[in-house]
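To keep things clear, I will list the structure first and then write my remarks on it.
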Amino acid sequence: MTNTTHFGYKTVSEDEKVHEVAKVFHSVAAKYDIMNDLMSGGLHRIWKAFTIAQAGIRPGFKVLDIAGGTGDLAKAFAKQAGPSGEVWLTDINESMLRVGRDRLLNKGLVTPTLLCDAEKLPFPDNYFDRVSVAFGLRNMTHKDQALAEMRRVLKPGGKLLVLEFSKVAAPLQKPYDVYSFSVLPWLGQQIANDSESYRYLAESIRMHPDQETLKGMMEAAGLERVQYFNLTAGVAALHTGIKF
């Protein structure tokens, strides 16, 4: 019997979810950056800058950026780790990975890129100083398995950083819902000719674990000193944890 999971508000088989998520990102890859700027009013750049600062990358660090998309974090990490470092840009979606790889090359950054599944990372134990995932965890079918894999590949003393949409503060809930379910699909249709992918985005955010639940999941995966920072009243949150 096939296990089921959610794709937005729909219940689908796990295999179907993988296929549907892939379709979303194949569809939006070409317009991903401009849509991020429009949807967040540029705030995603501030959230990512905060994440980069919290990562504390030093020359020579080995860094894994999971679901790295168009490479914003990997680009910054590669510059900070320098020629003695090793920064991997990975994604499960080939269209997104190609965009990210090309952006890095256009900036003169030659860094390894790999098409891979975060739930089955093809890296040895205790390898990376930092692991990051920005706006990718909520699309993963088995989040607990993905978090366990991220911890596995971290060195003792290494840090995991999870930047993701989260539960917005209560006073903003109603206007945020109107924006999410009316404005976002409209923007998606106008800019990317795809309203359904952005309707899924809004739904997937509501189905994602809230701040405290995700903190508990990271602790259950074996991470310690787990904490989170609410960004823009909880529209997004950065969770961090250490492997000891």
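If only one of LEU73, LEU172, LEU115 is at negative phi and either open to solvent by less than 60 Å² (accessible area, probe 1.4 Å) or free of Cβ contacts under 8 Å to residues at least 24 places away in the same chain (or both), which one is it?
Only one candidate passes the filter, namely LEU73.
Counting only residues that are aliphatic (A, V, I, L, M) and assigned to a helix (DSSP H, G or I), which one in the range 97-138 is farthest from SER84 (Cα to Cα)?
Looking at residues that are aliphatic (A, V, I, L, M) and assigned to a helix (DSSP H, G or I), I get LEU137.
What is the one condition in (1) more than 18 Å from HIS239 (Cβ to Cβ); (2) open to solvent by less than 70 Å² (accessible area, probe 1.4 Å); (3) outside any helix (DSSP H, G or I); (4) not acidic (Asp, Glu) that GLY158 does not satisfy?
The one condition GLY158 does not meet is (1).
Looking at (1) over 25 Å from ASP33 (Cβ atoms); (2) open to solvent by 30 Å² or more (accessible area, probe 1.4 Å); (3) in contact (Cβ under 8 Å) with a residue 12 or more places away in the chain, which is the one condition that is false for LYS143?
Only one criterion is unmet by LYS143, namely (2).
Could you count how many residues in the range 181-200 are of a type in the set (Gly, Ala, Ser) and over 21 Å from ALA22 (Cα atoms)?
Result for the range 181-200: 1.
Testing GLU164 on (1) over 24 Å from ASP72 (Cα atoms); (2) open to solvent by less than 50 Å² (accessible area, probe 1.4 Å); (3) not in a helix (DSSP H, G or I), one condition comes back false. Which one is that?
Of (1) over 24 Å from ASP72 (Cα atoms); (2) open to solvent by less than 50 Å² (accessible area, probe 1.4 Å); (3) not in a helix (DSSP H, G or I), only one is false for GLU164: (1).
Return the pairs, sorted by first residue and then second, in which the second residue is of a type in the set (Lys, Arg) and assigned to a helix (DSSP H, G or I), the first residue lies in the range 182-205 and is without any contact (Cβ under 8 Å) to a residue 40 or more places away in the chain and within 23 Å of VAL12 (Cβ to Cβ), the beta carbons are less than 6 Å apart, and the residues are 6+ apart or on different chains.
PRO185/ARG199
Hydrophobic (A, V, I, L, M, F, W, C) and not in a helix (DSSP H, G or I): is that true of LEU147 in this structure?
Spelling it out, it is not the case that LEU147 is hydrophobic (A, V, I, L, M, F, W, C) and not in a helix (DSSP H, G or I).
Among the residues of the range 162-209, how many are touching a Phe, Trp or Tyr at 6+ places or on another chain (Cβ under 8 Å), of a type in the set (Phe, Trp, Tyr) and over 19 Å from TYR228 (Cβ atoms)?
Here the count works out to 1.
Looking at (1) loosely packed, with under 15 Cβ neighbours inside 10 Å; (2) under 16 Å from the mean Cα position of the chain (by Cα), which one does ASN3 not meet, given that it meets all the others?
Evaluating ASN3 over (1) loosely packed, with under 15 Cβ neighbours inside 10 Å; (2) under 16 Å from the mean Cα position of the chain (by Cα) leaves (2) as the failure.
Just the residues that are of a type in the set (Val, Ile, Thr) and either under 16 Å from the mean Cα position of the chain (by Cα) or exposed (fewer than 15 other Cβ atoms within 10 Å of the Cβ) (or both), please, taken from the range 33-57.
Answer for the range 33-57, where residues must be of a type in the set (Val, Ile, Thr) and either under 16 Å from the mean Cα position of the chain (by Cα) or exposed (fewer than 15 other Cβ atoms within 10 Å of the Cβ) (or both): ILE34, ILE46, THR51, ILE52.
Could you tell me which residue of the range 208-244 is farthest from LEU161 (Cα to Cα), considering only residues that are in contact with a strand residue (DSSP E or B) (Cβ under 8 Å, 6 or more places away or on another chain) and exposed (fewer than 15 other Cβ atoms within 10 Å of the Cβ)?
So the residue we want is PHE244.
Output the residues belonging to the range 86-111 that are small (Gly, Ala, Ser) and closer than 12 Å to THR70 by Cα.
SER95, GLY100
So which residues in the range 95-112 are free of Cβ contacts under 8 Å to residues at least 24 places away in the same chain and not small (Gly, Ala, Ser)?
Passing the criteria: ASP102, LEU105, ASN106, VAL110.
The values are calculated or read from the model by the stated rules, or taken from the named source; none is laboratory data. The model shown is predicted, which means the values in this text are computed figures rather than measured ones. Every residue, glycine as well, gets a Cβ built from its backbone with ideal geometry; the counts of neighbours run over all protein chains shown. Note: accessible area is taken over every heavy atom of the protein model, side chains too, but ligands, DNA and RNA are not part of it. Shrake-Rupley method; radii C 1.70, N 1.55, O 1.52, S 1.80 Å.
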